[in-house]
């Protein structure tokens, strides 16, 4: 009886071992299926870009690896360049590498990714590969014009006027240069010629002094000159704000009245106006109030000021206020005329 039980027990153990073995084989087969189907482990040829004793990148084909090297070589070649010679340090090569089914799949890069990674210049670090490029490039360059100043009585004293605008020129050059990772280390001008001459800008420095013209502008240098000279006069006038009003005076610092203020301002620019608010209405060219620009005379009955923009004038108002800024209409008086002196 005991022998029979031992025999039954041995048979049962052997059966369990066979079952375990079958399960193990099935699990192993399943693992192999999963591994091969996911591609983590796969038999395949890859191609590497080698530099010195280092593998710089792994790519899916020889063509892609060779393309990566071409992109690295061309990275600093300019469009239209001729006689291009490129040296890579270290030199790069392409190698084939086989990965079996049980080899872990390598990290793969595209040709563009490889070229970018190899040539990138990080702060304080050299790129993985030095690219030395020698090339000849033909290019046209802008030549800046010069500004020439000439003294002229055509413009009023202490003013400037653009007599003629400048124009940039064009120069064609052929240059052979050598660069290291895009930074030029040597260059030689092979040829150079002027395609178009630059034209100087001519600016007049005013020296003119004259009596203000009646019925027309005292100068005749255009709208830009008129506007800029009027703005300059207003800027000059503002530095005397707060100075005293003195009846019959014409000193911008010690005191002046309304026409003395206008007379003294224009005298700084070499233009002579009478010390008389009524008489001033005859000088310059008449414009409408809507057309008024800085520097114009704003004439009231018995009073005069200088237009500064934004419907305001700067003027020697009275003994209480001195030289000040007021809105047109502050005194309830009608504007009789607006006169433009600079033209």
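The values are calculated or read from the model by the stated rules, or taken from the named source; none is laboratory data. Nothing here was measured: the structure is a model prediction, and the numbers come from that model. Ideal geometry is used to build each Cβ from the backbone, glycine not excepted, and the neighbour counts take in all protein chains shown.
Inside segment 54-72, can you point out the residues that are more than 30 Å from the chain's Cα centre (by Cα) and surrounded by 17 or more Cβ atoms within 10 Å (Cβ to Cβ)? Break it down into steps so the answer makes sense when it comes.
Initial filter on segment 54-72 (more than 30 Å from the chain's Cα centre (by Cα)): 54-70.
Across segment 54-72, the qualifying residues are 56, 57, 58, 59, 64, 65, 67, 68, 69.
Can you pull out the residues in segment 246-288 that are in a strand (DSSP E or B) and touching a strand residue (DSSP E or B) at 6+ places or on another chain (Cβ under 8 Å)? If you could, list the steps in order and put the result at the bottom.
So in segment 246-288, the residues in a strand (DSSP E or B) come out as 250-251, 255-256, 271-272, 283-287.
Those that are in a strand (DSSP E or B) and touching a strand residue (DSSP E or B) at 6+ places or on another chain (Cβ under 8 Å): 250, 255, 256, 271, 272, 283, 284, 285, 286, 287.
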One residue is enough: does segment 210-224 have a residue meeting the conditions within 29 Å of the chain's Cα centre (by Cα) and exposed (fewer than 12 other Cβ atoms within 10 Å of the Cβ)? yes
Sole exception among (1) exposed (fewer than 14 other Cβ atoms within 10 Å of the Cβ); (2) in a strand (DSSP E or B) for residue 125, by number: (2)
Single match in 136, 119 (criterion: touching a residue at least 24 places away in the same chain (Cβ under 8 Å), farther than 26 Å from residue 64 by Cβ and under 30 Å from the mean Cα position of the chain (by Cα)): 136
Looking only at segment 159-182, count how many residues are surrounded by fewer than 16 Cβ atoms within 10 Å (Cβ to Cβ) and in a loop (DSSP other than H, G, I, E, B). 3
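Within segment 307-320, count every residue that is touching a strand residue (DSSP E or B) at 6+ places or on another chain (Cβ under 7 Å) and surrounded by fewer than 22 Cβ atoms within 10 Å (Cβ to Cβ). Write out each step before concluding.
Restricting attention to segment 307-320, the residues satisfying the condition of being touching a strand residue (DSSP E or B) at 6+ places or on another chain (Cβ under 7 Å) are 307-308, 311-319.
Okay, now just the ones that are also surrounded by fewer than 22 Cβ atoms within 10 Å (Cβ to Cβ), so 311-312, 317-319.
Final tally of qualifying residues: 5.
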Please tell me if residue 142 is modelled with pLDDT of 95 or more, closer than 28 Å to residue 79 by Cα, not in a loop (DSSP other than H, G, I, E, B) and not assigned by TED's automatic domain parsing to the domain that holds residue 269. yes
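When only residues in segment 289-306 that are touching a strand residue (DSSP E or B) at 6+ places or on another chain (Cβ under 8 Å) and surrounded by fewer than 17 Cβ atoms within 10 Å (Cβ to Cβ) count, which is farthest from residue 330 (Cα to Cα)? Reasoning before the result, please.
Looking only at segment 289-306, we keep the residues that are touching a strand residue (DSSP E or B) at 6+ places or on another chain (Cβ under 8 Å), and these are 289, 291-299, 303-306.
Narrowing further to those that are surrounded by fewer than 17 Cβ atoms within 10 Å (Cβ to Cβ): 289, 291.
Numbers: 289: 15, 291: 20 Å.
It comes out as 291.
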